[in-house]
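Below is one structure, written out as structure tokens; comments come after it.
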Amino acid sequence: MSDSPDVFNYTKKELPSNFIKFGYAAFVVGLVLVVLSLFVDNVRSAFSGVMLLMFVASIGVGSLFWIVAEYLSGAVWSTPFRRVAEFLGAVLLVLPIIALPAYFNMHDIFHWTHEEVVKTDHYLSAKAPYLNVSFFTIRTIVFIAIWVLFYFLITRNSKLQDSTKDQNLTRKNIKLSAVFVPLFALSITFFAIDWLMSLEPHWFSTIFGVYYFSGTVLAALAAITYIVVTLSEKGYFFQGVKEDHYYSFGALLFGFVNFWAYIAFSQFLLIWYANLPEETIWYLQRWEGYWMYFSIGLIIIHFVVPYFGLLAQPSKMSPKRLKFMSLWILFAHFYDVMWITMPTYQEFGYIPGWIELGYAIFAIGLILVIFNWKAGKENLVPIGDPKLKRGINFRL
Amino acid sequence: MSDKILYSLTGLFDTPDEIIAAAKKVQAEGYTKYDVNTPYPVHGMDSAMKLPMSRLPYVAMVVGLTGMFLALFFMWWTNSVDYPLVIGGKPYFALPAYVPIMFEVTVLSASIATVVTMIAIVFKFPNNSHPLLDTEYMKHVSVDKYGISISAEDPKFNYESVKSLLESLGAKNISPVYFKDEVINFKPNTFEPKFVLSLIGLFIVVSGLTYVTLNKLMYLPPFDWMMEQSKVIAQERSDVFEDGRGMRTPVEGTVARGFLPYKYKDNPDAAGKFLVNPLPATEENLQVGETKFDIYCSPCHGYLAEGDSRLKGQFPNPPSLHSAKVRNWSDGRIYHVITEGQNAMPSYAYQLSREERWAIILYIRALQRSLNAKESDLQ
């Protein structure tokens, strides 16, 4: 493009005020509902706490994954928006805090924490060396520590680059990313096993970590897409940002919607085929009573609607469609986490109530407040990144 | 040069922006038969060339969906209708198991159809070449240059004006592309010796490999491990037993499930005296009796048991079952005949289960009644 903007002519702008206001309002309303629910129905609130933790962890670690993926693949198109992922990744810092309500009520959530049950149960006592409270605590702390550590290291280099314009920092981040990827694969797998799969301690599925990963990267990508499209429409990025970038977001969203469906169906098909009671119980639980409608709803919400919503080429470029679909996918991921968590709380059916709603509002508010906090402190565009100019001029 | 037929005039550009601008200009000048060649799909080219939406996606969709439903129909028909088999304790119509196959067939048929259609359209099937192939122009545009090619078939085509247009756009390497001689002079000759010989060679290689695989390779380890198992196969000799018989006779007095030993062997009178039909004369039992009678009895005795089948006259005449003798026999006596046979009639004990024999007797009684009804039946 001949009229390409001057990259270094960036002036920092405040985020739109209604964006900030909405974030604080959701945070306060959510917080009130969450605190209230802790007194009204402790157990249900604790289960919702698991949902909150897994959803926020999805956004945080998924954003970190996209930052790392950009460095490792040498992608340039996403460089102008990397800061959005970096700001969203900051929710990793509060993970230990939001894990607390669920952690202190783990006796009500996790069947395997009851020592007298484990003693009489052959399977649980065989799993006891892994599934016990102290090792569980250590693992959770280690995983969150790994994420926070790498988040800190990578974003520190990225921030430093804004002022120094040092290209070696990019090279350093690539090395850090290469170290992080295997750690990420292991940590997210075991994190999902600990907090979601062990809700049903007898049940196991070898693909479960991948299943959670597919939802995680999809949700994080949807959050990034929504914020990028919204802010870019209001002129927060450079003027070169348009269809080619939007198309890349849309195509990735579409791809990961299919990836999720592929993994989810693989998990179901293998368990259905083998027909072993200790495996099928998990799906049977989700097919009893009202849960059947929830399960059918999951297919429609998490796959059918986003699939057809993003299938056509024009819909991957339309900002309106992208904003709608990314919000929809975020909802679908919350729904997915609920579908995994809640049958343990209530068999044969379940109506989401104000407690779950409160936690959902709180999750949105928390993410937005942290985003605002980071956006207030730092540049919205990595102005020192050597790939930035190519990223803005990116053509498919 | 002049005896060659001109295909098009081509020009090269260095950047995607230049080629988009060039395509817009050529489009605005009113040319219709031109094409743009780039090393990768340049976005925005469709709108610059004002191309209508490609119709290929429709081919992909129609063929893909057809493939999907054909796969579903095929599996439904074979597994749940024509030859229902229980596989792995799953229902006859096991949709989750079909999904991967439906998916694969959809992808396969859609992609093959898309490629074939595209080749057919671009190369104008059955041609399998294109004048632009194997030219300097094509070498450049498939590596690092962006090219435009304005066809000589275009109604507005004029060598000089097109050349100056390309020059004004800043194109480099403006060069004409001609139809190749061998394409112009191409005469199809299917029975060319080289072609026939290569076909024969291919035939020999493929059949030889097939022969070796099926007749030699399969009998070499490790491919014969499935065949050569250390177990006794039915009818085979075994050295474990003294008498060398692999198949063992059951222990004396063994009764197979669903069978009872027949107590009245060679003793028809006792059978007639002691055996009683255990089946009630329900419609269901009569239905079974009719079916089995029509299959096993009617070829000789006839559908109405009058001994008037198509075998009559070619064979010792089968008796009618409406004779007074048979009518006065007890059910047990008839059962004995079916079980043991009589005169030319063989035993049917192997073809018919006990229940089926009794059901046939019920049906014979009904046939007899229909020809020799009692007064009381009329009421």
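The values are calculated or read from the model by the stated rules, or taken from the named source; none is laboratory data. The shown structure was predicted, so the numbers you read here are calculated from the model rather than taken from an experiment. For neighbour counting, all protein chains shown are included, and Cβ atoms are generated from backbone atoms with ideal geometry for every residue, glycine included.
Given the condition more than 30 Å from B:LEU108 (Cα to Cα) and not hydroxyl-bearing (Ser, Thr, Tyr), answer yes or no: does some residue in region B:61-75 qualify? Within region B:61-75, none of the residues are more than 30 Å from B:LEU108 (Cα to Cα) and not hydroxyl-bearing (Ser, Thr, Tyr).
Among the residues making up region A:286-317, those that are small (Gly, Ala, Ser) and either closer than 17 Å to A:ILE351 by Cβ or surrounded by 17 or more Cβ atoms within 10 Å (Cβ to Cβ) (or both) are A:GLY289, A:SER295, A:GLY297, A:GLY309, A:SER315. Within region B:245-262, the set of residues being without any contact (Cβ under 8 Å) to a residue 12 or more places away in the chain and either loosely packed, with under 10 Cβ neighbours inside 10 Å or not in a loop (DSSP other than H, G, I, E, B) (or both) comprises B:ARG245, B:THR249, B:PRO250, B:VAL251, B:GLU252, B:GLY253, B:THR254, B:VAL255, B:ALA256, B:ARG257, B:PRO261. The conditions of being part of a helix (DSSP H, G or I), in contact (Cβ under 8 Å) with a residue 40 or more places away in the chain, closer than 30 Å to A:SER78 by Cα and more than 14 Å from chain B (Cβ to nearest Cβ) are met by A:PHE256. One residue stands out in region A:2-33 among those that are at pLDDT below 75 and surrounded by 12 or more Cβ atoms within 10 Å (Cβ to Cβ): the one that is nearest to the other protein chains (Cβ to nearest Cβ), namely A:SER4.
From the residues in region A:69-108 that are of a type in the set (Ser, Thr, Tyr) and in a helix (DSSP H, G or I), which one is nearest to A:MET54 (Cα to Cα)? Show your work before the answer.
Pass one, region A:69-108, residues of a type in the set (Ser, Thr, Tyr): A:71, A:73, A:78-79, A:103.
Checking which are in a helix (DSSP H, G or I) leaves us with A:71, A:73, A:79, A:103.
Details: A:TYR71: 25, A:SER73: 27, A:THR79: 27, A:TYR103: 13 Å.
Here the answer is A:TYR103.
Out of the residues in region A:234-253 that are within 14 Å of chain B (Cβ to nearest Cβ) and buried (at least 16 other Cβ atoms within 10 Å of the Cβ), state the one that is farthest from the chain's Cα centre (by Cα). Only one residue tops the list, namely A:GLY240.
Conditions tested, residue by residue: (1) of a type in the set (Phe, Trp, Tyr); (2) more than 36 Å from the chain's Cα centre (by Cα); (3) surrounded by 11 or more Cβ atoms within 10 Å (Cβ to Cβ).
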{"position": "B:PHE157", "(1), (2), (3)": "yes, yes, yes"}
{"position": "B:SER164", "(1), (2), (3)": "no, yes, yes"}
{"position": "B:LEU169", "(1), (2), (3)": "no, yes, yes"}
{"position": "B:THR190", "(1), (2), (3)": "no, no, no"}
{"position": "B:SER198", "(1), (2), (3)": "no, no, yes"}
{"position": "B:VAL205", "(1), (2), (3)": "no, no, no"}
{"position": "B:THR210", "(1), (2), (3)": "no, no, no"}
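Considering A:ILE188, A:ILE138, the condition of being touching a residue at least 40 places away in the same chain (Cβ under 8 Å) and within 30 Å of A:HIS202 (Cα to Cα) is satisfied by A:ILE188 alone. Among the conditions (1) away from chain B (no Cβ under 11 Å); (2) in a helix (DSSP H, G or I); (3) in contact (Cβ under 8 Å) with a residue 24 or more places away in the chain, A:GLU288 misses just one, which is (2). Looking at region A:71-87, is at least one residue farther than 11 Å from A:LYS387 by Cβ, over 14 Å from the mean Cα position of the chain (by Cα), aliphatic (A, V, I, L, M) and surrounded by fewer than 24 Cβ atoms within 10 Å (Cβ to Cβ)? Yes, some residue in region A:71-87 is farther than 11 Å from A:LYS387 by Cβ, over 14 Å from the mean Cα position of the chain (by Cα), aliphatic (A, V, I, L, M) and surrounded by fewer than 24 Cβ atoms within 10 Å (Cβ to Cβ). Pairs are defined by a Cβ separation below 6 Å, a sequence spacing of at least 6 or placement on different chains, a first member in region A:369-383 that is farther than 16 Å from A:PHE27 by Cα, and a second member that is of a type in the set (S, T, N, Q) and modelled with pLDDT of 90 or more; the pairs so defined are A:PRO382/A:SER158. Contact map, region A:157-179: residues that are more than 12 Å from A:GLY74 (Cα to Cα) paired with residues that are of a type in the set (Lys, Arg), Cβ distance under 9 Å, separation 6+ or inter-chain. Pairs shown: A:ASN157/A:LYS172; A:SER158/A:ARG82; A:SER158/A:ARG83.
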